[in-house]
1. Of everything in segment 268-277, what is touching a residue at least 24 places away in the same chain (Cβ under 8 Å), exposed (fewer than 15 other Cβ atoms within 10 Å of the Cβ) and touching a strand residue (DSSP E or B) at 6+ places or on another chain (Cβ under 9 Å)? Give them in sequence order.
2. Identify, from the list Leu141, Leu149, Leu172, Leu161, the residue that is closer than 30 Å to Arg27 by Cα and either at pLDDT 95 or above or of a type in the set (D, E, K, R) (or both).
3. Kindly indicate which of Leu280, Leu293 is within 28 Å of Pro167 (Cβ to Cβ), out of contact with any Leu (no Cβ under 8 Å at 6 or more places or on another chain) and either open to solvent by 50 Å² or more (accessible area, probe 1.4 Å) or without any contact (Cβ under 8 Å) to a residue 60 or more places away in the chain (or both).
4. Has segment 173-188 got any residue that is free of Cβ contacts under 8 Å to residues at least 24 places away in the same chain and buried (at least 16 other Cβ atoms within 10 Å of the Cβ)?
5. Please specify each residue of segment 248-267 satisfying the condition of being without any contact (Cβ under 8 Å) to a residue 60 or more places away in the chain and either in contact with a helix residue (DSSP H, G or I) (Cβ under 6 Å, 6 or more places away or on another chain) or surrounded by 19 or more Cβ atoms within 10 Å (Cβ to Cβ) (or both).
6. Hey, any hits in segment 67-75 for a residue that's surrounded by fewer than 19 Cβ atoms within 10 Å (Cβ to Cβ) and in a loop (DSSP other than H, G, I, E, B)?
7. Going through segment 94-108 one residue at a time, which ones are open to solvent by less than 30 Å² (accessible area, probe 1.4 Å) and of a type in the set (A, V, I, L, M)?
8. On the given criteria, is Lys111 open to solvent by 50 Å² or more (accessible area, probe 1.4 Å), within 30 Å of Asp152 (Cα to Cα), under 30 Å from the mean Cα position of the chain (by Cα) and not hydrophobic (A, V, I, L, M, F, W, C)?
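The values are calculated or read from the model by the stated rules, or taken from the named source; none is laboratory data. In this text, all values refer to a predicted model and were calculated from it rather than measured experimentally. Neighbour counts run over all protein chains shown; Cβ positions are idealised from the backbone, glycine included. These accessible areas exclude ligands, DNA and RNA; they are computed on the full protein's heavy atoms, side chains included. Shrake-Rupley method; radii C 1.70, N 1.55, O 1.52, S 1.80 Å.
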Amino acid sequence: MKTADSAHCAHSTPAGSEDDLPLKGIRVVEMSHMVMGPTCGMILGDLGADVIKVEPPRGDGTRRLLGTGAGFFRTFNRNKRSVTLDMESEEGVAALQKLVDGADVFIENFKPGRMQQLGIDYESVRTRNPKIIYVSHKGFLKGPYDQRLALDEVVQMMAGLAYMTGPVGRPLRAGSSVNDIMGGMFGAIGVLAALYQRRDSGRGKEVQSALFENCVLLSAQHMQQYAVTGEAAAPMPARISAWAVYDVFELAGGEQMFIAATGDTQWRTLCEVLERPDLLADPRLQTNNQRVLLREWLLQTLRATLASIDGKALAPELERRGIPFAPISRPEELFDDPHLKASGGMARLTLEDGSQTDMPLLPISMDGERLQPRRPIAGIGEHTQEVMRELGYSDAQIAAFSQDRLKQAS
């Protein structure tokens, strides 16, 4: 079940003590939206940092997205406090500057030039706070393209990923925000490296992560395939597979399953599981390379056999015998995935309206424990008073902030 009223669900609880988290005591100010910057902040927050998300008076516009963006905010903004500041007012800008001046890390992902307008570009901030680690998430690293605006889809088209994903002549973006998410991840890796180096140097560092260069890394294996073979890599649907059995098959009742046999031992085992001794004995199919040469005929033969086999009976046999396989799952089906549920790969996350949802956790464990949600998704400006007091603002000043916020939000 995707969501439930909080009255019927336990609150999210951490695994182990918060004192054990590696980034305890690190303060992060995040001024970002959409996916890339928030992913960086979420990773640092999951690792124990105090992440303060700065939003405009009406809240991050990502909160209000529909369609494919409807899940963005709740997915990438756990373990954060929310502060609302009006960047059109002198008081709001001054408060942001004061917040950043006392931070260990600042995260931003706005268009080139915006931070300079606010006086919180890297050169300005490090003059006041030499220990700051300033991480920018952009479309492109420095170079001829660095003033362009970019989206995940834009760089997938530019960097070869869309070409490799779709059929010949039909470039197709990957079915998730792969570069935004990985770009945020690389930003977090840069932050961790800079924090480690700061222990000795005492100085911060500017870190940049970019969508285009991220996507080029995803295409690097295909670049090197060309360098090694002299032949351009074909799009994945048209590729010449290195393995004869490495495809999606339709089973009884229309169920689909990916099955692979990447070596001779797996091939022999698969023939035994499918009760096809004739294929195992066929002299034309004794090695993988021989099978690749007859791949079209072989796959057709296997499809005929598999079409009458029940997937529920086949899956445990393939698992027991060590054959790589996978049912073709839809994202909504993962809420009930037995491995994710039994292994603690998902946790109950409280949303800003008090309801709850199961949320996948970071795909790492530390001493066998998964990094948990410690804070619900914050309401818009929920922690403004708390954070402003920490900065030394009086209750009267905070009240004035609140009034300005209400005017801007109305």
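1. Matches in segment 268-277: none.
2. Leu141
3. Numbers: Leu280 fails: within 28 Å of Pro167 (Cβ to Cβ).
Of the residues listed, the single one that is within 28 Å of Pro167 (Cβ to Cβ), out of contact with any Leu (no Cβ under 8 Å at 6 or more places or on another chain) and either open to solvent by 50 Å² or more (accessible area, probe 1.4 Å) or without any contact (Cβ under 8 Å) to a residue 60 or more places away in the chain (or both) is Leu293.
4. Of the residues in segment 173-188, the ones free of Cβ contacts under 8 Å to residues at least 24 places away in the same chain are 173-176.
If we keep only those that are buried (at least 16 other Cβ atoms within 10 Å of the Cβ) too, we end up with 173-174.
Within segment 173-188, one or more residues are free of Cβ contacts under 8 Å to residues at least 24 places away in the same chain and buried (at least 16 other Cβ atoms within 10 Å of the Cβ).
5. Within segment 248-267, Phe249, Gln266, Trp267 qualify.
6. The answer is yes; a qualifying residue exists.
7. Ala95, Leu96, Leu99, Val100, Ala103, Val105, Ile107
8. So Lys111 passes the test.
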